[in-house]
Amino acid sequence: MKEVLLDIKDLQVHFRVYGGFLKVLNGTNMRVYSGEKVGLVGETGCGKTTTMKAVMRILPKPHGITPEGKIIFKNKNVLSLKTQEIERLRRNEISMIFQDPTAALNPVFTIGEQLLDVFRYSKKNDGLKGKTLKQMAVDSLRAVALPDPERILASYPIQLSGGMRQRVCIALALANQKQLLIADEPGTSLDVTIQDQILRLIHRLAEERNMAVILISHSLGVIREWTERVYVMYAGSMVEEATTPKLFSQPLHPYTQALMECVPRLTGMKTNEGIPGRIPDYFFPPTGCRFHPRCPKKMAICQEEKPPFYQIDDNHQVACYLYKGES
Amino acid sequence: MEELLKVEQLKKHFVTSRGIVQAVSEATFSITAGETLGLVGESGSGKSTVAYMVMGLYQPTDGNIRFKDKNIGKYHQKRPLELKKELQIVFQDPGSSLNPRRSVGKILELPLKIHRIDSQFNLRKRILDLLDMVGLPKEYETKYPSSLGGGEKQMVAIARALSTDPSLIVLDEPTSALDVSIQAKIINTLIRIQKERNLGYLFITHDLSLMRNIAHRVAIMYLGRIVEQALTKDFFETPLHPYTQMLLASIPVVSEEEEKIKPERITSVGEIPSPVNIPPGCVFHPRCPKKMDICSQEEPTMVEYKPGHFVRCYLY
Ligand SMILES: Nc1ncnc2c1ncn2[C@@H]1O[C@H](COP(=O)(O)OP(=O)(O)OP(=O)(O)O)[C@@H](O)[C@H]1O
Ligand SMILES: Nc1ncnc2c1ncn2[C@@H]1O[C@H](COP(=O)(O)OP(=O)(O)OP(=O)(O)O)[C@@H](O)[C@H]1O
Ligand code: SF4
Ligand SMILES: [Mg+2]
Ligand SMILES: [Mg+2]
């Protein structure tokens, strides 16, 4: 039996803004087993990063997390941990590669200072000498395919290219042995040969360390190649979940189907129009299934109540009324 | 066709405490009105540095930049307003390019005011039109960058670039933070506007599938040099440079059909070289699966292998 590492249950996150609340996360559910590689895809602004920031407890304030939600990590609810406990969790159990590498690095310290800090304060490295730590920092930069680590260590973030900064962040996140790695768009600013090398590295470490990985990416090709199971998110909640091959061969949710249609193909000289309509307004989110205003197959019931997950088979579930009779 | 931008033998070296970074050593290309040149390459190969020089944000160490037949390379910060209006850029990193203390409406209003694009009276309508053009709801006018998702910020940046009605836009990985649906919309919008206004694009991206669908010509950069340049069709049908072949082989795709047309997988080997310590000979030789003796001795020059298809490699 696989062991559940992370279980996000009915998570609701609302942001307080001028004039009211943005009801962003709308009952998000996600489960990750130990050592598993899970993909998370979905439209820009659908709440992928917000969900993961909630797991790390780093959402900017003010925000509201409604009490129904739970984030269970190793049998403890992250949302009710004390500050000290949550810091320990971030230091020893979960790391995150942030989508925006510039924001994740401190502009006034060199890369070396930031990286050495991580090694120095890791428990595993207690009592190690400065020289050894420095060597570890150099090696960690080499591992993410960065040329001349010595120069990088002496550089400030501004002196590096976007892709180099991103790899520094990846090195930071992989510095310690963790049980869960959240990789939010780890390949975005890298050319495909380097991206491939990085994903290979993450994959290898995941196997060696029995580390689970949540891989967030807009590149469906990357998801197809590097994950075992995928969640598809739309406007604040999961709409489909399946094993990776299943999702690509047989997408069920109308959103997933439309998304697949938008991928630029290596074979074709055509550009798709994109999914008609726009991202929902979280101030007044659509009722019922949040996709209904854009859905080509909507029915009367769709705008009334949020569809539950229908289990199609062991490896596939979908939140759409079209599949009501099939579970 | 009217030539908009011509870049010749462009060079940029940065002096740092750790030595001289030869970020760009040899970049020569041109863009005509209505054309998209795709610039692809290794992370850190100097693509953004080329873009910044074109924009006048960095002073070139050597070489020429001509825009509409005027030499603009030397200007640096002192470019006249008229020129600034003509050239716009969308940055790679949407987070840091938007002022966090201004609302989206104010961000879009600023260039309109600086360049006196429209009367005060029409300003609001222009802003709403710009938002609409990139597919953002009008409520976004009052939002602040910190409350936007990564992709939404990039859409604001694109709207801002369009605001001055430029004739050339540098797009530095404009869609790498966007999901494929919004990417499709942006790309369609960009293509539509390009046709309507005969715009030139310098389009930097890592997404070769996207490149295939938008660029008219493609240039590949490696360690500060352009190593291959061709019409998009030729480029994908007969990639010549070993680095290009490696790139194409590593593209993550979503279907078996695409898997079939990719070149055989060549796994990248060897150490990635650095722009501080440029390897002798062909800069790609430490990673090249096809290297020959001569490759580590002297740097190959660019040759025209077929009309319009240039490559820098001894194999040809
Ligand atoms: N601090 C905040 N205050 C207000 N709204 C916020 C805040 N953070 C995020 N949001 C809103 O929440 C929504 C989800 O944002 P999030 O960054 O989680 O999206 P995402 O799925 O990660 O998108 P992307 O693919 O672009 O990274 C967006 O509409 C965003 O505007
Ligand atoms: N201001 C600077 N000072 C010193 N070195 C710099 C500076 N800006 C860039 N560099 C160096 O120049 C090289 C090229 O950087 P550039 O940002 O142009 O790469 P890029 O091709 O855009 O990469 P990416 O795909 O990762 O964005 C890198 O080695 C980088 O470290
Ligand atoms: S010149 Fe030689 S080393 Fe360089 S790419 Fe060609 S074959 Fe490889
Ligand atoms: Mg995100
Ligand atoms: Mg760049």
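The values are calculated or read from the model by the stated rules, or taken from the named source; none is laboratory data. Fair warning: this is a prediction, and the values are worked out from it, not measured in the lab. Counting neighbours? That spans all protein chains shown, and the Cβs are built from the backbone with ideal geometry, glycine included.
Data for the structure
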read-out	value
Elements of type strands (runs of 3 or more DSSP E) in segment B:11-82, at least 1 residues being at pLDDT 90 or above and surrounded by fewer than 17 Cβ atoms within 10 Å (Cβ to Cβ)	B:19-32, B:62-67
Hey, B:Ser103 surrounded by fewer than 20 Cβ atoms within 10 Å (Cβ to Cβ), in contact with a helix residue (DSSP H, G or I) (Cβ under 6 Å, 6 or more places away or on another chain) and under 23 Å from B:Phe203 (Cα atoms) or not	no
Residue, nearest to the other protein chains (Cβ to nearest Cβ), within segment A:147-163, restricted to residues that are under 26 Å from the mean Cα position of the chain (by Cα) and modelled with pLDDT of 85 or more	A:Leu160
Boolean, A:Val13 is in contact with a helix residue (DSSP H, G or I) (Cβ under 7 Å, 6 or more places away or on another chain) and away from chain B (no Cβ under 14 Å)	no
Residues (part of a helix (DSSP H, G or I), in contact with a helix residue (DSSP H, G or I) (Cβ under 6 Å, 6 or more places away or on another chain) and within 30 Å of A:Gln257 (Cβ to Cβ)) located in segment A:175-197	A:Val192, A:Asp196
Which numbered condition A:Ala54 fails, given (1) within 12 Å of chain B (Cβ to nearest Cβ); (2) buried (at least 22 other Cβ atoms within 10 Å of the Cβ); (3) without any contact (Cβ under 8 Å) to a residue 60 or more places away in the chain	(1)
Residue identified as crowded, with 24+ Cβ neighbours inside 10 Å and more than 7 Å from every other protein chain (Cβ to nearest Cβ) among B:Gly281, B:Gly224	B:Gly224
Which numbered condition A:Met96 misses (of (1) more than 27 Å from B:Ser97 (Cβ to Cβ); (2) in contact with a strand residue (DSSP E or B) (Cβ under 8 Å, 6 or more places away or on another chain))	(1)
Index of the failed condition, B:Ala161 passing every other in (1) outside any strand (DSSP E or B); (2) in contact with a strand residue (DSSP E or B) (Cβ under 9 Å, 6 or more places away or on another chain); (3) touching a residue at least 40 places away in the same chain (Cβ under 8 Å); (4) crowded, with 23+ Cβ neighbours inside 10 Å	(4)
For B:Phe203: the one exception among (1) more than 12 Å from every other protein chain (Cβ to nearest Cβ); (2) among the aromatic types (Phe, Trp, Tyr); (3) in contact with an Asp or Glu (Cβ under 8 Å, 6 or more places away or on another chain)	(3)
Matching option when the condition is small (Gly, Ala, Ser) and either within 14 Å of chain A (Cβ to nearest Cβ) or within 16 Å of ligand 1 (Cβ to nearest atom) (or both), among B:Gly63, B:Gly44, B:Gly34, B:Gly56	B:Gly44
Candidates B:His216, B:His206 - the one that is more than 16 Å from B:Gly44 (Cα to Cα) and in contact with a strand residue (DSSP E or B) (Cβ under 9 Å, 6 or more places away or on another chain)	B:His216
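For every residue, the table says whether it meets (1) more than 16 Å from ligand 5 (Cβ to nearest atom); (2) closer than 21 Å to B:Asp179 by Cβ; (3) touching a residue at least 40 places away in the same chain (Cβ under 8 Å).
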position: A:Gln179; (1), (2), (3): yes, no, yes
position: A:Gly187; (1), (2), (3): no, yes, no
position: A:Arg204; (1), (2), (3): yes, no, no
position: A:Arg209; (1), (2), (3): yes, no, no
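Okay, residues lined up against (1) in contact with a strand residue (DSSP E or B) (Cβ under 6 Å, 6 or more places away or on another chain); (2) among the hydrophobic types (A, V, I, L, M, F, W, C); (3) within 14 Å of another protein chain (Cβ to nearest Cβ); (4) under 28 Å from A:Arg16 (Cβ atoms):
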residue: B:Val104; (1), (2), (3), (4): no, yes, yes, yes
residue: B:Leu108; (1), (2), (3), (4): no, yes, no, yes
residue: B:His115; (1), (2), (3), (4): no, no, no, no
residue: B:Leu123; (1), (2), (3), (4): no, yes, no, no
residue: B:Ile127; (1), (2), (3), (4): no, yes, no, yes
residue: B:Met133; (1), (2), (3), (4): no, yes, yes, no
residue: B:Lys143; (1), (2), (3), (4): no, no, yes, yes
residue: B:Glu152; (1), (2), (3), (4): no, no, yes, yes
residue: B:Val156; (1), (2), (3), (4): no, yes, yes, yes
